[in-house]
Amino acid sequence: MKKILVTGGAGYIGSHTVVELVEAGYEPIIIDNFSNTEERSLQGIADILGREVICHRIDCTDAAALRQVFEQETGIAGVIHFAAYKAVGESVAEPLKYYHNNVGSLVALLQVMEEFKVDKLVFSSSCTVYGIPAELPVTEQTPVQKANSPYGNTKKICEEILTDLATSGSDIHTIALRYFNPIGAHPSAKIGELPLGVPNNLVPFITQTAAGIRQELTIFGDDYDTQDGTCIRDYVHVVDLAKAHVVAIDRLLSGKADNIEFFNVGTGTGNTVLEAVQAFERATGEKLNYKIGPRRPGDVPKIYADVTKATEELGFKTTSTLEEAMKSAWDWQMHLQNTSEQV
Ligand code: UFG
């Protein structure tokens, strides 16, 4: 079994990807510093797989610690790099924390990969690199724009670093996946998103509101130029997104990939916030308490993906509907309620 190092493998997208890697016949090795996840995600992975996955508790900015992992885990075939901070608002308040962690960890990882001649990388990028796009849906050719947060800028800078590395003639081949809005949880409800404190993202806020942890959802603005006035996003089930990483690793290991390639990973369909709320209500039978509030500064009015490239070149396809994703998010919320106290 080919070993794949998964940084941030105990996190939200990472944990789902670890499960899919095992199911596809790979041997994932997790690196995580548990700064934004909990030990129980490892237990959830083990419960799904019926066995534990190796995890090294180190910080990815620590090149010496990374080196030790590469020494210990001989024969790493490729790396999937999830480890990063991701809170847009926090990044505005603490930019250095974001540049240090998100950019620093990539540079340290690439240096160690070069030292150990590990030359396949899947990088977690984001549709945030497109800013407010002039045309929809966005393709990989849609121009990258100035980021509107330090978080977004770290993704843009990391893409630039990887492009420079590819141009330099390095042996490292990279596939950067530009995620749209990942939602939902594993159908077993044993792993899912573990937001710390008040969630920033829509779906955990919805599920916590329906569960009575939050009083009501505020929909940020209903005066956008969309069918119902609320923002449009491309909500992709996290298991479908996880599978995109497996096919990206397959492509890298098959030797078919160029030095650097970018792929949008979404569903290809845009839904408004109100449509997302209605899908949640239909899927779960729960009535959501919500109100309309002012716009959230920095929000992109509408964005959704053209996924033709990922479909044709990676063989990527989504299998879950928005309702199914919402139902899985709700099942996960119920699992959390039953197994722990949330505040
Ligand atoms: N929303 C609400 N109320 C909430 C939370 C969100 O109405 O309480 C709305 C937002 O205004 C937006 C939509 O729900 O229209 C989705 O918001 P999220 O915060 O879930 O996701 P974003 O699209 O804002 O952010 C995502 C990722 C970021 C990334 C960004 C790039 O979470 O990491 O896409 O566009 F930077």
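Tabulated values for the structure
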item	result
The one condition in (1) out of contact with any His (no Cβ under 9 Å at 6 or more places or on another chain); (2) away from the ligand (no atom under 16 Å from the Cβ); (3) open to solvent by less than 40 Å² (accessible area, probe 1.4 Å) that Ser254 fails to fulfil	(3)
Every residue from the stretch 183-202 that is crowded, with 17+ Cβ neighbours inside 10 Å and within 16 Å of the ligand (Cβ to nearest atom)	Ile183, Gly184, Ala185, Gly192, Glu193, Leu194, Pro195, Pro199, Leu202
Residues that are touching a Leu at 6+ places or on another chain (Cβ under 7 Å) and assigned to a loop (DSSP other than H, G, I, E, B), drawn from the stretch 187-231	Asp228, Thr230
Residue in the stretch 240-259 that is touching a Pro at 6+ places or on another chain (Cβ under 6 Å) and assigned to a helix (DSSP H, G or I) present	yes
Subset of the stretch 123-158 [in a strand (DSSP E or B) and either within 11 Å of the ligand (Cβ to nearest atom) or out of contact with any strand residue (DSSP E or B) (no Cβ under 8 Å at 6 or more places or on another chain) (or both)]	Ser124, Ser125, Ser126, Val138
In the stretch 290-320, the residues that are farther than 20 Å from Cys231 by Cβ and either open to solvent by 60 Å² or more (accessible area, probe 1.4 Å) or assigned to a helix (DSSP H, G or I) (or both)	Thr308, Lys309, Ala310, Thr311, Glu312, Glu313, Leu314, Lys317, Thr319
Condition met for Gly315 (in the same structural domain as Val122 (by the TED database) and away from the ligand (no atom under 16 Å from the Cβ))	no
Within the stretch 310-335, tally of residues that are within 13 Å of Ala210 (Cα to Cα) and among the aliphatic types (A, V, I, L, M)	3
Residue that is closer than 23 Å to Val246 by Cα, away from the ligand (no atom under 15 Å from the Cβ) and in a strand (DSSP E or B), where the choices are Thr74, Thr174	Thr174
Extreme residue, nearest to His81 (Cα to Cα), among residues of the stretch 102-122 that are open to solvent by 30 Å² or more (accessible area, probe 1.4 Å) and part of a loop (DSSP other than H, G, I, E, B)	Asp119
Any hit, the stretch 93-102, residues being in contact with a helix residue (DSSP H, G or I) (Cβ under 8 Å, 6 or more places away or on another chain) and of a type in the set (A, V, I, L, M, F, W, C)	no
Candidates Ile175, Ile161, Ile191 - the one that is within 30 Å of Gly50 (Cβ to Cβ), of a type in the set (A, V, I, L, M, F, W, C) and assigned by the TED database to the domain that holds Ala93	Ile175
Residues of the stretch 1-49 that turn out to be within 21 Å of Pro182 (Cβ to Cβ), of a type in the set (D, E, K, R) and assigned to a loop (DSSP other than H, G, I, E, B), as a count	2
So Tyr151, is it open to solvent by 60 Å² or more (accessible area, probe 1.4 Å) and either aromatic (Phe, Trp, Tyr) or assigned by the TED database to the domain that holds Asp171 (or both)	no
Residues located in the stretch 71-80, provided they are buried (at least 19 other Cβ atoms within 10 Å of the Cβ) and out of contact with any helix residue (DSSP H, G or I) (no Cβ under 6 Å at 6 or more places or on another chain)	Ile76, Val79
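Every residue, every condition in (1) away from the ligand (no atom under 13 Å from the Cβ); (2) open to solvent by less than 20 Å² (accessible area, probe 1.4 Å), yes or no:
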| residue | (1), (2) |
| --- | --- |
| Ile219 | no, yes |
| Asp223 | no, no |
| Cys231 | no, yes |
| Asp234 | no, yes |
| Val239 | yes, yes |
| Ala242 | yes, yes |
| Asp258 | yes, no |
| Leu274 | no, no |
| Lys287 | yes, no |
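Yes or no, residue by residue, for (1) in contact (Cβ under 8 Å) with a residue 40 or more places away in the chain; (2) crowded, with 24+ Cβ neighbours inside 10 Å:
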| site | (1), (2) |
| --- | --- |
| Met1 | no, no |
| Gly9 | yes, yes |
| Gly14 | yes, yes |
| Thr17 | yes, yes |
| Glu20 | yes, no |
| Thr37 | yes, no |
| Asp47 | yes, no |
| Ile58 | no, no |
| Ala63 | yes, no |
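The values are calculated or read from the model by the stated rules, or taken from the named source; none is laboratory data. Just so you know, these numbers come straight off a predicted model, no measurement behind them. Positions of Cβ are backbone-derived with ideal geometry, glycine not excepted, and every protein chain shown enters the neighbour counts. For accessibility, only protein heavy atoms count, side chains too; no ligands or nucleic acids. Shrake-Rupley method; radii C 1.70, N 1.55, O 1.52, S 1.80 Å.
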